[in-house]
Ligand SMILES: Nc1ncnc2c1ncn2[C@@H]1O[C@H](COP(=O)(O)OP(=O)(O)OP(=O)(O)O)[C@@H](O)[C@H]1O
Ligand SMILES: [Mg+2]
């Protein structure tokens, strides 16, 4: 369970998030909203790259905001970025292995886990390929494997389907849906692709101008007139 | 895992072959004057390996490497004249003291990104330049600074390397160890953390990498290599001159590391060759050694415009191309 409790963020005069609250309980939840709504900012608060002016984020009883960013990762927080961050100098295998690099114990078990995850995302034959030689979709898949490595508890994706074809998006959606069964982690997905969100997310939070305008089961939320207005209002821009 | 650690790449094989050549052949052929040029070149290869790897693997710009060599050299001379430890013990202490000094100098910039480290290290290099110019290097005098007028006391060379030929071999062995040390790190978990930091610090943090810690680690390695290089240089000459360790030399060394090709061992060798052997050659031919600066400038332009991986990068690409063609042609 993830409790977001009255989180506010200001950048100078800009209010990026205004007392946003939500309790995510489903295996996969979505966050949607027009450009500049504050979705990435909320994710950055989770990661620790942006500090909240007020509010709390409690995951499985752990107050995340008290930990430094890398300690949150040790706790089990995983995220992907709007632009995937796969190191060009490392192989796919090493890119995933980084996520499990802590201490000296259990090296062979960790390697076995990494190999399993790479196979799961469908990159088994690319494991020894360097990051710089991957296609955009392969980089995305490697990113998913990375997010699943090392006992994750909460996995967050920031627009994972950006720049992908319809088929690729579908494959990715299926993978994201499997994360909970494979690892036990809860997943949050930000995306503009409403189809993807309604396909994989059981509940969804809608932000607009840093405010929560709707939260609940995805189908209900998407039918909400306020949500439709927010999207229509920016559609033409 | 061990297999991965000990895997020899073509570039690595070439490096080991070159090290063997430098160990076996060069000392046998070089005359007395060139021996000392090659020894100092070897010392600078070691120091360049430190800055180059930090730049290539983490994108960190350090402009104080020659200043840190001065610290290592100072400690080496100080210990030689003050205590009766063997050369190797002094060298280890010099390397470790330099590492700690490097940390202290760079600490303010470790949490900041990009340019700040370059600026802070440049200021540190300036500070070291002033200290060295003011206090000079120990030569057997009294007190903490250990400086006296007149000729310097004797320097005890390592037991294994009493002659210049043997000392060159000794330096080549240390340089090789230095490269293997860096490469081992690169292939293990610190290397993975570094690669991610280079990609993006946010991504590294999100992957659980303690960014400050691993940057410090890298800077520590560069410091150890600079300290050892300075110690070995002190051992070659028996005394040091503050003009060797000016801040401008550190900037030059970094620029040459980029020109040579910071990602490759060959780049460090090319950089040190340009830095030490080229001026000596020009001198030998009776040409003004300042011509070297013109050549450096041309090299830098060349690197910036056409060769992002430096001269070594171009050579490696050429070698890989030839290998690919040869390999294809060789198969039926
Ligand atoms: N580091 C920052 N400094 C100043 N303002 C920022 C910063 N990051 C975000 N903002 C502002 O905060 C608001 C929310 O931005 P955010 O990136 O969270 O939006 P988003 O919902 O992720 O949008 P998109 O769909 O375009 O990715 C925007 O007005 C943006 O300009
Ligand atoms: Mg965003």
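The values are calculated or read from the model by the stated rules, or taken from the named source; none is laboratory data. What you are looking at is a predicted structure, and each value in this text was computed from that prediction instead of being measured. Glycine gets a Cβ as well: all are built from the backbone with ideal geometry, and neighbour counts include every protein chain shown.
Inside region A:12-47, can you point out the residues that are out of contact with any strand residue (DSSP E or B) (no Cβ under 7 Å at 6 or more places or on another chain) and within 15 Å of ligand 1 (Cβ to nearest atom)? Before the answer, list the steps.
Our first condition is that a residue be out of contact with any strand residue (DSSP E or B) (no Cβ under 7 Å at 6 or more places or on another chain); within region A:12-47, this holds for A:12-15, A:25, A:35-36, A:44.
Hits for region A:12-47 are A:12, A:13, A:14, A:15, A:35, A:36, A:44.
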Look at region B:8-27 and say how many of its residues are touching a helix residue (DSSP H, G or I) at 6+ places or on another chain (Cβ under 8 Å) and closer than 22 Å to residue B:323 by Cα. 9
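Of all residues in region A:176-204, which are within 14 Å of ligand 2 (Cβ to nearest atom) and in contact with a strand residue (DSSP E or B) (Cβ under 6 Å, 6 or more places away or on another chain)? Break it down into steps so the answer makes sense when it comes.
At the first step, the residues of region A:176-204 found to be within 14 Å of ligand 2 (Cβ to nearest atom) are A:188-193.
A:188, A:189, A:190 - these are the residues of region A:176-204 that are within 14 Å of ligand 2 (Cβ to nearest atom) and in contact with a strand residue (DSSP E or B) (Cβ under 6 Å, 6 or more places away or on another chain).
Output the residues belonging to region A:60-87 that are more than 7 Å from chain B (Cβ to nearest Cβ), outside any helix (DSSP H, G or I) and either over 17 Å from the mean Cα position of the chain (by Cα) or more than 16 Å from ligand 1 (Cβ to nearest atom) (or both).
Of the residues in region A:60-87, the ones more than 7 Å from chain B (Cβ to nearest Cβ) are A:60-68, A:71-72, A:75-78, A:80, A:82-84, A:86.
Pick out the ones that are also outside any helix (DSSP H, G or I) and you get A:60-63, A:67-68, A:76-78, A:80, A:82-84, A:86.
The answer is A:60, A:61, A:62, A:63, A:67, A:68, A:76, A:77, A:78, A:86.
Residues B:120, B:71, B:92: which one is touching a helix residue (DSSP H, G or I) at 6+ places or on another chain (Cβ under 6 Å) and under 19 Å from residue B:43 (Cα atoms)? Break it down into steps so the answer makes sense when it comes.
Numbers: B:120 fails: under 19 Å from residue B:43 (Cα atoms); B:92 fails: touching a helix residue (DSSP H, G or I) at 6+ places or on another chain (Cβ under 6 Å).
Selected residue: B:71, the only one of B:120, B:71, B:92 that is touching a helix residue (DSSP H, G or I) at 6+ places or on another chain (Cβ under 6 Å) and under 19 Å from residue B:43 (Cα atoms).
I'd like to verify a number: residues in region A:48-59 that are buried (at least 20 other Cβ atoms within 10 Å of the Cβ) and facing chain B (nearest Cβ under 10 Å), how many? Walk me through it before giving the result.
Initially, region A:48-59 is screened for residues buried (at least 20 other Cβ atoms within 10 Å of the Cβ), giving A:48, A:52, A:57, A:59.
From what is left, the residues that are facing chain B (nearest Cβ under 10 Å) are A:48.
Qualifying residue count, region A:48-59: 1.
Among A:131, A:150, which is buried (at least 19 other Cβ atoms within 10 Å of the Cβ), within 17 Å of the chain's Cα centre (by Cα) and facing chain B (nearest Cβ under 10 Å)?
Working: A:131 fails: within 17 Å of the chain's Cα centre (by Cα).
Residue meeting the stated conditions: A:150.
Would you be able to say whether some residue in region A:68-80 is crowded, with 16+ Cβ neighbours inside 10 Å, more than 21 Å from residue B:213 (Cβ to Cβ), modelled with pLDDT of 90 or more and more than 16 Å from ligand 2 (Cβ to nearest atom)? Please lay out each step first, then the result.
Our first condition is that a residue be crowded, with 16+ Cβ neighbours inside 10 Å; within region A:68-80, this holds for A:69-70, A:72-73, A:75-80.
Okay, now just the ones that are also more than 21 Å from residue B:213 (Cβ to Cβ), so A:80.
Next, from what is left, pick out any that are modelled with pLDDT of 90 or more: A:80.
Checking the rest, the ones that are also more than 16 Å from ligand 2 (Cβ to nearest atom) come to none.
No, region A:68-80 contains no residue that is crowded, with 16+ Cβ neighbours inside 10 Å, more than 21 Å from residue B:213 (Cβ to Cβ), modelled with pLDDT of 90 or more and more than 16 Å from ligand 2 (Cβ to nearest atom).
Quick check, is residue B:281 under 24 Å from residue B:41 (Cβ atoms), more than 14 Å from chain A (Cβ to nearest Cβ) and crowded, with 23+ Cβ neighbours inside 10 Å? Spell out how you get there, then give the answer.
Numbers: under 24 Å from residue B:41 (Cβ atoms): yes; more than 14 Å from chain A (Cβ to nearest Cβ): yes; crowded, with 23+ Cβ neighbours inside 10 Å: no.
In short, no.
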